[in-house]
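**Q** My structure is below; once you've seen it, I'll send some questions.
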Amino acid sequence: MLLLTLTFFALILLLAIMIGACIQGTQLHGPEQKVQSFFMRFRAEEDAKQELYESAYRIVMDLGEALDEEDIIAQCDAVRSAHDRARAFRIRAADNAMPVSSSVLRQGLKIVK
């Protein structure tokens, strides 16, 4: 039983090393490219989400900085600039729409009688 368990863990370790090699590889053949594209798809989605989050964070921080401005004209210009950036962000985010999970869709207001 112990030998079977050790063999099972060795096979899982070998499989993990093979998948890691496919992900990090550069000159890959057909099946290896399919494995790489499958695992890289998840990484690309996470990178896109992180990039959108960082961009939105910078826009909000710049807007807060603009609202703290003493000079009214400089404040208006800074708010206008932040608004233009937010508009461009909204268009770019709509193009890169992320699928919404079903648990988020189920959340909502309940009707109480």
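The values are calculated or read from the model by the stated rules, or taken from the named source; none is laboratory data. Everything numeric in this text was worked out from a predicted model, so none of it was measured. Neighbour counts are summed over all protein chains in view; Cβ atoms, including those assigned to glycine, are modelled from backbone coordinates with ideal geometry.
**Q** Scan the stretch 41-49 and give yes if some residue there is surrounded by 12 or more Cβ atoms within 10 Å (Cβ to Cβ) and over 10 Å from the mean Cα position of the chain (by Cα), otherwise no.
**A** No; the residues of the stretch 41-49 include none that is surrounded by 12 or more Cβ atoms within 10 Å (Cβ to Cβ) and over 10 Å from the mean Cα position of the chain (by Cα).
**Q** Report whether or not residue 93 is surrounded by 10 or more Cβ atoms within 10 Å (Cβ to Cβ) and either modelled with pLDDT under 90 or assigned to a helix (DSSP H, G or I) (or both).
**A** Answer is yes for this residue.
**Q** Could you please tell me which pairs satisfy a Cβ distance under 6 Å, a separation of 6+ or placement on different chains, a first residue in the stretch 48-60 that is of a type in the set (Gly, Ala, Ser), and a second residue that is loosely packed, with under 15 Cβ neighbours inside 10 Å and modelled with pLDDT under 90?
**A** Taking only residues 6 or more apart or on different chains, the pairs are 48/96.
**Q** Scan 19, 23 and give me the residue that is at pLDDT below 75 and of a type in the set (Val, Ile, Thr).
**A** Checking each option against the conditions leaves just 23.
**Q** Being surrounded by 12 or more Cβ atoms within 10 Å (Cβ to Cβ), in contact with a Phe, Trp or Tyr (Cβ under 6 Å, 6 or more places away or on another chain) and in a helix (DSSP H, G or I) narrows it down to one of 19, 23, so name that one.
**A** Sole residue among the options that is surrounded by 12 or more Cβ atoms within 10 Å (Cβ to Cβ), in contact with a Phe, Trp or Tyr (Cβ under 6 Å, 6 or more places away or on another chain) and in a helix (DSSP H, G or I): 23.
**Q** Continuing with the same structure: Can you tell me how many residues within the stretch 65-85 are among the hydroxyl-bearing types (Ser, Thr, Tyr) and in contact with a Leu (Cβ under 7 Å, 6 or more places away or on another chain)?
**A** Residues meeting the conditions: 0.
**Q** Under the condition of being assigned to a helix (DSSP H, G or I) and surrounded by 10 or more Cβ atoms within 10 Å (Cβ to Cβ), which residue from the stretch 26-39 is nearest to the chain's Cα centre (by Cα)?
**A** 39
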